[in-house]
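What follows draws every value from the coordinates through simple rules; no lab data is involved. The shown structure was predicted, so the numbers you read here are calculated from the model rather than taken from an experiment. Glycine also receives a Cβ, built like all others from the backbone with ideal geometry; neighbour counts cover every protein chain displayed.
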Amino acid sequence: MHTLHESLLQQSMASDHERLRALKAFDGTKAGVKGLVDAGVTTIPAIFHHPPESLADAPHHHRGHHQFAIPVIDLAGLGTPSERASVVGAMKAAAATVGFFQVTNHGVPESAMSKVLAAVRRFNEEPAEAKAPYYSRDPKRRARYQCNFDLFRSPAASWRDTLYMEMAPEPPPPEQIPPACRTIAPEYTRLVQRLGRILFGLLSEALGLSRSYLEEEAGCLEGLSVGCHYYPACPEPRRTLGTARHSDPSFLTVLLQDAVGGLQVLVEDEKRRPAWVDVPAEAGALVVNVGDYLQILSNDRFRSVEHRVVASSAGPRVSVACFFRADASTRVLAPIVAGGDGDGRARYRSTTVPEMLRHYGTKGLGGVSALQRVRI
């Protein structure tokens, strides 16, 4: 006679087996979430159900109107030393507190921004059979279309499809990039790399280092990966998320989002309780956030903050996230303890990007931050 524990274990294993079967069947369609929407689903499959605590307004169910604004920094004012010092000060304050800021007058033309958003939307709205050849989970492919990179590892799937491209140091072969994005992806990437050089210069100065430090000494500009996300309108937005709570495996992330909104950042409210706040879609602005690798380099002077995307009955939402990171880099990631603030004590052991990525690969989004693995 089975004990209750054995019975529950068997039920759990059976449900795990059913879940895996459901995941494989869904992934096998190669049509992603958009395929479900095109099929006319009015309820979302159980694989997309997130636990209530993940869906709460805040981790401790704290509700209320949060008087908090994500800083907007104008990059037009870099002409004189005093103007530059003012921008460096604003960026340092934002990176040290909320870890997020928006930039305007950033040098990426609005025409390129609207063109790349339109291309991502156009690709995702092609017939399933046109997209299927690009659907892949092969990490050796430098461009791959898929639904959730961590589909088989995360506790719940998220309501989005992604075209992921590793654009630098070496771009994918053109035939791996869908025709809709083939011309604009490299063009947009070059523009964001140029902006990256400006941002890393300002952030180097914010750390009390020479302007070229993060680019030349730390190699922050060596790699760039692009996640083109498509979030279809969801019939049951209160049961799932567009992207689960996470921090970014990057030095810096530059995000272009359309007007739909849904990005939220985890901050502390006036009573030091965690609360989710919206990152509004500012026309013409780009959203910049500190990634885990820059938190390590800065020795906690800059913060890589958790964020998520809520599902919505409005949509589709389209966004293009550029992650500054070189996945195969052999450079050592180690805290910079000289040059300014702090007590001279390293808060992280030395690591590498591949070592950090192995942790992300094992855990998927959410769960214990990869930073905890290397914190001293």
key: F68 versus R182: modelled label distance in nm, points set 7 Å from Cα along the beta carbon direction   = 4.5 nm
query = What residues from region 157-198 fall in the zone where the backbone N is under 14 Å from a label point 7 Å along the Cα-to-C-beta line of S136?
reply = 163-167, 171-179
note = Between the residues P45, F100, V320, the Cα farthest towards the positive end of the dipole of the chain, that dipole coming from +1 and -1 charges on the beta-carbon of Lys, Arg, Asp and Glu, is from P45
task = Classify region 66-119 as rounded, prolate or oblate, taking a ≥ b ≥ c as the square roots of the eigenvalues of its Cα gyration tensor: rounded when a/c is under 1.5, otherwise prolate if a/b is larger than b/c and oblate if not.
result = oblate
task = Sort the following peptides by mean Cβ neighbour count (other Cβ atoms within 10 Å, averaged over residues), highest first: 245-257, 24-36.
result = 245-257, 24-36
request  = Calculate the spin-label point distance for E217 paired with E268, positioning each point 7 Å from the Cα along the beta-carbon direction, and give it in nanometres.
outcome  = 3.0 nm
query = Among (1) 72, 51, 44; (2) 62, 48, 46; (3) 63, 40, 37, which is the computed Cα extents along the principal axes in Å?
reply = (1)
inquiry  = Give me, ordered by chain and number, the residues 5 or more places off Y348 or on other chains with an amide H under 5 Å from its own placed amide H.
reply    = I376
query = In deg cm²/dmol and to the nearest 500, what is the mean residue ellipticity at 222 nm of the chain if only DSSP H runs of at least 4 residues count, each as -39500 (n - 2.57), divided by the residue total?
reply = -9500 deg cm²/dmol
message = Just to confirm the number: angle between the C-alpha axis of helix 353-363 and the first principal axis of the chain, 0 to 90 degrees, nearest 10?
response = 30 degrees
query = Any idea what the dipole of the chain comes to, in debye rounded to 20, about its Cα centre with Lys/Arg Cβ at +1 and Asp/Glu Cβ at -1?
reply = 460 debye
key: Degrees, to the nearest 10: 81-97 long Cα axis against longest axis of the chain   = 30 degrees
note = For L333, other-chain or 5+-apart residues with amide H closer than 5 Å (H placed, Pro excluded) are T351, T352, V353
message = What is the distance in Å between the Cα centroid of region 118-148 and that of region 302-340?
response = 22 Å
inquiry  = If I fit a long axis through the Cα atoms of helix 4-28 and take the longest principal axis of the Cα atoms of the chain, what angle between them do I get, 0 to 90°, rounded to 10?
reply    = 70 degrees
ask   = So which trypsin sites (Lys or Arg not before Pro) in region 64-140 are both in a DSSP loop and have at most 10 other Cβ atoms within 10 Å of their Cβ?
value = K140
request  = Just tell me the longest site-free run in the chain, where the sites are GluC sites (Glu not before Pro) in a DSSP loop having at most 15 other beta-carbon atoms within 10 Å.
outcome  = 126-269
ask   = When only C-alpha pairs under 8 Å and at least 6 residues apart count, what is the relative contact order of the chain, in percent?
value = 20 percent
key: Local electrostatic count, L151, Cβ distance below 10 Å [Lys/Arg +1, Asp/Glu -1]   = +1
message = Quick check: pseudo-label points 7 Å beyond the Cα along Cα→Cβ at S313 and K24, how many nm apart are they?
response = 3.7 nm
request  = Report the dimensions of region 236-355 along its three principal axes from the alpha-carbon atoms, largest first, rounded to Å.
outcome  = 48, 39, 30
task = Sum up the charges of everything whose Cβ sits under 11 Å from the Cβ of C234, counting Lys and Arg as +1 and Asp and Glu as -1, but leave C234 out.
result = +3
